[in-house]
Every structure is written in C-alpha cells, then in structure tokens.
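Written below as structure tokens is the structure these notes are about.
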Amino acid sequence: MKTIFYTIIGASHYAGCRTDEMIYTFKKFHPDIELRVFGQADIDRVFATDPRLNFYNSKATFALEVYKEHEKLFRGDYEIERNELLVVNIDADHLIFDRLDSILAADYDVACPANCNAMENSRLLTRSESSLIGTRAHENELFSFNEYIQGGLVASTNYDFWKHYEYASLNFSHKFGLMENDVLNIVCKMFPYKFKYLEGHYLSESPDFTAYYGCASLGRERNATVNKGKVYLQGKPIKLYHYARGGVQKPPHSAVWSSPVVDYIQNNLLR
C-alpha cells in the first residue's frame, strides 16, 4: 500500500514548532516514505477555496489535497484504487523516536493515538434540552477521559473517512470546544469504521498498550529511560512524541526530558 504522510505548518509557527526536527527524525526512520509539507503558500491557496477553512478545521481538507496530487497513481477505477492509499496527518510538533510500525501496518480504516495522560485530558459530553419548561434529557458522557482520541496524528486507508471528517469539520467544528478534535472523535466512533488506537489500548497500564505514539506520555517524560538505543517509559518504547502544548514555541528538550534522554535526542535522533 502506498503511504503518504503530510503536515500543515504556517510560516509563523515553522521555527517555534521545530518543524525541521520532525522532518529530520521522520526521514531518519522512514527514508522510503513520502512526507508532504504543506507550507504557507499551500495554506493560502487552499484556504482561498472555502471561506470556512482555518487552522482548526482543515486537516481533512489537506488530506483530500494529497489524494488530488496523487491521482496519477490510480491506474483505472478511482473509486476502488483510492483506498489503496494510506494517508497520515502528523502535526509538526512531533518527534519521531523509531519506525512507526503500528501506523504502517495499515490494518484499520482509521487509527489515532490515545490521549489519556498525566498532564491534561479531554472528554465529550452530550446534553439535549426540550422546549417544555422544566424538562431536559440527562447529560451523558459520550467519550470518557480514558477513551478520548488524540487528533495530532490521524491515519486512514479509507477515502470516505476523510470526506466525512471534512464535512463534519467544516460545518460543525466551530460548535465544539476542541473543534476538529471533538469532531474527529464523533466521526471515528459513530461511523462503522474499523478504528485502532495506535498504542493497542487507550490506557498505558493495559498489557495491550505496547508503545507510545503521541500524548499518552505527557506529564511523565522525566521518567523515560534509554536502554539499548531506545527510549522507554514504564518498560514500553516511545515511538512518537507529541509536544501538544499549544502556542507557537515548543519547550526546549531539557525542560521536558531527563538528561540521558536529552543526550539521546541530540546525539542519536538529531544526528
């Protein structure tokens, strides 16, 4: 299956997100895989096509741009062959520690990292009201703090998923507190897609949780260790780390990791 990763990064955030580090570490472990960087010129061009587009609802739209750019790969029946493409969105503020095998397995319709961590968690609630005075449906928890999906990386082998995600993002993300991340959770859970947590489970203490792929390590980074050329947390390898703190400037490595891991990043990952 042809695999294409892509990231969206504007000029104002490129340096602060240390985008070059993401690109370098990605290529270090994936020299055989294309990484499409949508920069400021691409962003301006795509945003000009729809006034609703912004940085908080456009992941799916850029995924569909990837399909447009690779139509030449499809030899005959576009409807069938577009699902032979694995498209992966990755935020620019990631650091890749190893080859991303769980993503490359492509054994899913949609795959994302778990979000549950020791720093900050999210959940999604439902609340319906009736126009009759004094009547209201009970407020329910739609997606718990444990189960909530992290949208900093979204992988899919299913073209229709990206179409559904784009429709929901453009029309409804502005109604949610976490915008397209909330919408992502709804689309992934309410449509009959084969969904996969990249780690194997949403809780890091589960025996099915086999490796860290995003935000699950947040708040516990200083407990990470280096062993035989790999970085581990609680005995499980860190494959991918998402800084995910918002804003323009990522913290320096020394403010996040222990000295041995900082040395490993500087002397192994970034060389």
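The values are calculated or read from the model by the stated rules, or taken from the named source; none is laboratory data. Treat the numbers as computed from the prediction; the structure is a model and nothing was measured. Backbone-built Cβ (ideal geometry, glycine too); neighbour counts: all protein chains shown.
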Would you point out the residue of region 183-204, among those that are among the aliphatic types (A, V, I, L, M) and part of a loop (DSSP other than H, G, I, E, B), that is surrounded by the fewest Cβ atoms within 10 Å (Cβ to Cβ)? L203
Residues of region 242-271 being outside any loop (DSSP other than H, G, I, E, B) and either free of Cβ contacts under 8 Å to residues at least 40 places away in the same chain or exposed (fewer than 12 other Cβ atoms within 10 Å of the Cβ) (or both), which ones? H253, S254, A255, S259, P260, V262, D263, Y264, Q266, N267, N268
Residue identified as more than 24 Å from N83 (Cα to Cα) and in contact (Cβ under 8 Å) with a residue 60 or more places away in the chain among Y6, Y24: Y24
Restricting to region 216-264, name every residue that is out of contact with any Cys (no Cβ under 8 Å at 6 or more places or on another chain) and charged (D, E, K, R). R220, E221, R222, K228, K230, K236, K239, R245, D263
Within region 215-241, of all residues that are charged (D, E, K, R), within 17 Å of E205 (Cα to Cα) and free of Cβ contacts under 8 Å to residues at least 60 places away in the same chain, the one surrounded by the fewest Cβ atoms within 10 Å (Cβ to Cβ) is K236
The condition from (1) more than 23 Å from K236 (Cα to Cα); (2) in a helix (DSSP H, G or I) that I103 misses is numbered (1)
State the number of residues belonging to region 212-241 that are part of a loop (DSSP other than H, G, I, E, B) and over 22 Å from the mean Cα position of the chain (by Cα). 4
What number of residues within region 41-78 are part of a helix (DSSP H, G or I) and modelled with pLDDT under 95? 7
Within region 169-182, is there a residue that is farther than 24 Å from S206 by Cα, at pLDDT below 95, outside any loop (DSSP other than H, G, I, E, B) and basic (K, R)? yes
Can you pull out every residue in region 14-40 that is in contact with a Phe, Trp or Tyr (Cβ under 9 Å, 6 or more places away or on another chain), of a type outside the set (D, E) and not in a helix (DSSP H, G or I)? C17, R18, H30, I33, L35, R36, V37, F38, G39
